[in-house]
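**Q** This is the structure I want to talk about, given as structure tokens.
The values are calculated or read from the model by the stated rules, or taken from the named source; none is laboratory data. Remember, it's a predicted structure, so these values are computed and weren't measured experimentally. No Cβ is skipped: glycine too gets one built from the backbone with ideal geometry, and neighbour counts run over all protein chains shown. SASA here: full protein model, heavy atoms, side chains in, ligands and nucleic acids out. Shrake-Rupley method; radii C 1.70, N 1.55, O 1.52, S 1.80 Å.
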Amino acid sequence: MSKRGRVLVAMSGGVDSSVAAVMLHEQGYEVIGLTMKTWDYASSGGSSKETGCCSLDSINDARALAVGYGFPHYILDIRDEFGDFVIDNFVDEYLAGRTPNPCVLCNTHIKWEALLKRADKLDCEFIATGHYANIRLQDNGRYVISKGKDEHKDQSYVLWGVSQENLARTQFPLGSFAKSEIRQMAKDMGQLELANKSESYEICFVPDNDYRAFLRNKVHDLDDRVGPGNFMLSDGTIAGKHQGYPFYTIGQRKGLGVAFGHPMFVTRILPESNTVMLGTVEELERSEAMVRNVNLVKYASINQPLEAITKIRYKDSGAMSTLSQSGDLIKVDFHHSVSGIAPGQSAVFYEGNDLLGGGFLM
């Protein structure tokens, strides 16, 4: 075994995880590559060519890179676990009138657990991924995730659910690099095709980024079970008909099929009556939020009100807030009103660049 140790690297076939694997290999680690097969594109009802991290091309790209650099590569089929947990939750959340966060669930409950289980079998001390984030051990004995150098690529938001036990064995080789630097490294490696690979910002298992078609494909009698309902204004006025509450999200403006002469947004979803509430941008604003299923990263608990930046969506710049904890719930009091709090999405808390923790909006 290498003096640096043996590390299992999650390789999707993309530029980030590929460069991460080579970087660790060149640093003297004994690298083993692992590509996880999480879903079947065809079974999801996709109409276009299979793409993304689970395609045959991506798996072959990961394996070819590993072979080229002389380290082993394995494929791990976790489609059953992924489907039973991530996809079922995705469907259930929309049917409950919430907007799910599948990447967080996948990282927390599927990928890290699958990686570590296989790492143990292969006698790997560490696992590594191509996430743009940093990790360190602080004086209080806790492992802390902090934002990656590249603010446009920082992925700490989707990592709030990873446990301390799992973070203790995790490495993020790309945290101190910008995306442009990683692409240049790939070019310097002679991997021009890899360096120029495009990125997908879609949910990996939703073909063509059409979650409504995905829901209909997974729940064959969805239209019969839900059916059209009413758009309603805050004063109780019926403003038109919608296609069914699971097809709408908080903050949605486009695709409503009704016109008002001024912008209107989805402000609330009431699944019990199949009602979708509409309102102005001002009616979207909230000054507080409750967060459930909290996982704290930097501290073991929040024993007194704590000021933090709270992000309520991945591309959110964040807002100053005061956090108060009660069990696995946190109340967030925003210093200024924020717009578009969507139940089911993640609220993620930061102290400077450090990830305090996160949970799901209620």
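**Q** Given the options 333, 354, name the one that is charged (D, E, K, R) and touching a residue at least 60 places away in the same chain (Cβ under 8 Å).
**A** Step by step, each of 333, 354 is checked, and only 354 is charged (D, E, K, R) and touching a residue at least 60 places away in the same chain (Cβ under 8 Å).
**Q** What pairs can you find where one residue is in region 282-307 and part of a loop (DSSP other than H, G, I, E, B), the other is open to solvent by 40 Å² or more (accessible area, probe 1.4 Å) and not aliphatic (A, V, I, L, M), and their Cβ atoms are less than 6 Å apart, with a gap of 6+ or different chains?
**A** From region 282-307, the pairs are 302/325; 305/324.
**Q** Please report, ordered by residue number, the helices (runs of 4 or more DSSP H) entirely within region 128-196 with at least 2 residues that are exposed (fewer than 14 other Cβ atoms within 10 Å of the Cβ).
**A** Working: elements: 164-167, 179-188, 192-195.
Ranges flagged: 179-188, 192-195.
**Q** Can you tell me which residues in region 235-250 are closer than 20 Å to residue 340 by Cα and open to solvent by 90 Å² or more (accessible area, probe 1.4 Å)?
**A** 235 - this is the single residue of region 235-250 that is closer than 20 Å to residue 340 by Cα and open to solvent by 90 Å² or more (accessible area, probe 1.4 Å).
**Q** If you don't mind, there's one more thing I want to ask. Can you tell me which residue is least open to solvent (accessible area, probe 1.4 Å) among those in region 67-112 that are in contact (Cβ under 8 Å) with a residue 12 or more places away in the chain and of a type in the set (Asp, Glu)?
**A** So, considering only residues that are in contact (Cβ under 8 Å) with a residue 12 or more places away in the chain and of a type in the set (Asp, Glu), the one least open to solvent (accessible area, probe 1.4 Å) is 93.
**Q** Can residue 253 be described as open to solvent by 20 Å² or more (accessible area, probe 1.4 Å), over 22 Å from the mean Cα position of the chain (by Cα), over 18 Å from residue 93 (Cβ atoms) and charged (D, E, K, R)?
**A** Criteria met by residue 253.
**Q** Looking at (1) in contact with a helix residue (DSSP H, G or I) (Cβ under 6 Å, 6 or more places away or on another chain); (2) at pLDDT below 95, find the lone condition where residue 267 falls short.
**A** The one condition residue 267 does not meet is (2).
**Q** Which condition number does residue 260 fail, the rest of (1) at pLDDT below 95; (2) open to solvent by 80 Å² or more (accessible area, probe 1.4 Å) being met?
**A** The one condition residue 260 does not meet is (2).
**Q** Okay, next question. For region 218-230, state whether one or more residues are more than 30 Å from residue 336 (Cα to Cα), part of a helix (DSSP H, G or I), open to solvent by 20 Å² or more (accessible area, probe 1.4 Å) and touching a residue at least 12 places away in the same chain (Cβ under 8 Å).
**A** Looking for residues that are more than 30 Å from residue 336 (Cα to Cα), part of a helix (DSSP H, G or I), open to solvent by 20 Å² or more (accessible area, probe 1.4 Å) and touching a residue at least 12 places away in the same chain (Cβ under 8 Å), one finds at least one in region 218-230, hence yes.
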